[in-house]
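Chemist: Submitted below is the structure of interest, expressed as structure tokens.
The values are calculated or read from the model by the stated rules, or taken from the named source; none is laboratory data. What you see is a predicted model; the values in this text were computed from it and never measured. Counting neighbours? That spans all protein chains shown, and the Cβs are built from the backbone with ideal geometry, glycine included. Accessible surface is based on the protein model in full, side chains and every heavy atom, while ligands, DNA and RNA are left aside. Shrake-Rupley method; radii C 1.70, N 1.55, O 1.52, S 1.80 Å.
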Amino acid sequence: MSTRLNRSQILMIGSAFVLDSTLISKPGLVIRDLKADFWQGMLTNLGYALIAVVVFALLASRFPRKDFFEGMIDASPLLGRVVAAGYVFFFLGVLVRDIRTTTDFVKVALLTVTPLSVITGMMGFCLVMIARHGKLSVARMSQLWQPMLLIVIIMLPFFLSTTLSGESLLPAFQHSAVEVWRGGSHLFAYTGEAIGIFMIATHRSWSMRYSVLSVLIGWTVLTVLTLSTVLALGVEIPARTFYPNYELIRKIRLTDFLDRLDLPLVGIWLPATIVKASFSLYIAANGISRIFPRLKLRGLVWIVGAVATATTIFAFRNSLQIFAFDVFWTPISAFFQLGLPVALLVLVRKRKKPPTLTSAAEAEQESL
């Protein structure tokens, strides 16, 4: 049975990394800083995400038939393990942040009387049960929920057509290049997570074109959602609201009887976000299993999931600390998403090995 991801799965995984966690509250910060010029911040963020993915793709392409962790350790056992450990901690941080932001939203919008620790424990258990079956299981679940989420967001402007107004798009070009960069930087750490594709899939499973296309899909849908928020709510309400996109979907009124569409829409987004967080859990556990080959991946998923869940509960006292955390997380993310890959491109050279019977057989099978 093949364990390779196909191209459609790559597209869904990449778009999930870019979109699912980002849409919770981060577009509101871009609107707060740039007002009607929010679209310039979105373009800045697109440039950053594409550069990060292209650089990482060039690096990962030096390890054919291997994911990034395996390729780095094979190229340099000591340096490779150090780099792998760094990315394990990075995606563990991503996982902790995603669990906290998601459970905070569920607490506020859905389960207002349920203790946050109970919600966090339930989400942590779901993540473990999804990730323990391997990357193909998570990828197939992404194929189910991610297209539904993309379609629903694309349809939002039609649902909200009677409430949209273009007055909030003016005046334009009121901010300097530095201000635009600062506004767009709120999204850098989130959309740059698309590099996770290369931690999951081997070089034979993806191409540069599909990796870039996955980022474009996620960014386009995120931009449509942010534009809909500005057109429907203006720029002042999103700037002062913790969950502006949730306020947006609460405005949807199709008929007198269909006035609570926020629940089914959240019911689509929440599973997609849980699946996206499962990728971070799998990446962290897979990286540890590459560093210490004797450890079993399934057992590591339980351990990493438990550590992430406990850290989520005890590391943050309230939701506002997530925003303070992001101030420090953005430069850390830039190092792992762009700075370190550029350095590794210089340091790590592709090994030229003579073809073996096994590699020849694999190449023949992939060509069929």
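Chemist: Could you say which residue among Leu231, Leu222, Leu187, Leu216 is outside any loop (DSSP other than H, G, I, E, B), within 24 Å of Val54 (Cα to Cα), of a type outside the set (Ser, Thr, Tyr) and open to solvent by 10 Å² or more (accessible area, probe 1.4 Å)? Even if it seems obvious, please write down each step before you answer.
Modeler: Numbers: Leu231 fails: within 24 Å of Val54 (Cα to Cα); Leu222 fails: open to solvent by 10 Å² or more (accessible area, probe 1.4 Å); Leu187 fails: open to solvent by 10 Å² or more (accessible area, probe 1.4 Å).
Testing whether each residue is outside any loop (DSSP other than H, G, I, E, B), within 24 Å of Val54 (Cα to Cα), of a type outside the set (Ser, Thr, Tyr) and open to solvent by 10 Å² or more (accessible area, probe 1.4 Å) leaves just Leu216.
Chemist: Follow-up question, since we're still on this one. Working carefully through the options Ala189, Ala201, find the one that is modelled with pLDDT under 90 and either within 13 Å of the chain's Cα centre (by Cα) or within 22 Å of Gly93 (Cα to Cα) (or both). Outline the logic, then answer.
Modeler: Working: Ala189 fails: modelled with pLDDT under 90.
Just one listed residue meets the conditions, Ala201.
Chemist: Give Ser61, Ser8 a once-over and let me know the one that is open to solvent by 10 Å² or more (accessible area, probe 1.4 Å), small (Gly, Ala, Ser), within 24 Å of Met148 (Cβ to Cβ) and out of contact with any Pro (no Cβ under 7 Å at 6 or more places or on another chain).
Modeler: The match here is Ser8.
Chemist: If you don't mind, there's one more thing I want to ask. Can you tell me which of Phe335, Phe325, Phe316 is at pLDDT 90 or above and within 21 Å of the chain's Cα centre (by Cα)?
Modeler: Phe335
Chemist: Examine the range 156-172 for a residue that is within 21 Å of Val18 (Cα to Cα) and open to solvent by less than 70 Å² (accessible area, probe 1.4 Å), and state whether such a residue exists.
Modeler: yes
Chemist: Same structure, new question: At least 2 residues that are within 23 Å of Ile200 (Cβ to Cβ) and of a type in the set (S, T, N, Q) in each: list the helices (runs of 4 or more DSSP H) lying fully within the range 1-117 that qualify.
Modeler: Where helices (runs of 4 or more DSSP H) fall fully within the range 1-117 and carry at least 2 residues being within 23 Å of Ile200 (Cβ to Cβ) and of a type in the set (S, T, N, Q), they are 7-19, 77-109.
Chemist: Starting from the range 262-290, keep only residues that are among the acidic types (Asp, Glu), then list their pairs with residues that are open to solvent by 30 Å² or more (accessible area, probe 1.4 Å) whose Cβ atoms are within a distance under 6 Å, requiring at least 6 positions of separation or different chains.
Modeler: Within 6 Å, the pairs are Asp262/Arg250.
Chemist: Determine whether the range 261-271 contains at least one residue that is outside any helix (DSSP H, G or I) and modelled with pLDDT under 90.
Modeler: Yes: the range 261-271 contains one or more residues that are outside any helix (DSSP H, G or I) and modelled with pLDDT under 90.
Chemist: Shifting gears a bit: So which residues in the range 290-324 are surrounded by 19 or more Cβ atoms within 10 Å (Cβ to Cβ) and out of contact with any Ser or Thr (no Cβ under 9 Å at 6 or more places or on another chain), if there are any at all?
Modeler: Kept after step one, since they are surrounded by 19 or more Cβ atoms within 10 Å (Cβ to Cβ), are these residues of the range 290-324: 290, 300-301, 304-305, 308-309, 312, 316.
Passing the criteria: Arg290, Val301, Val304, Gly305, Phe316.
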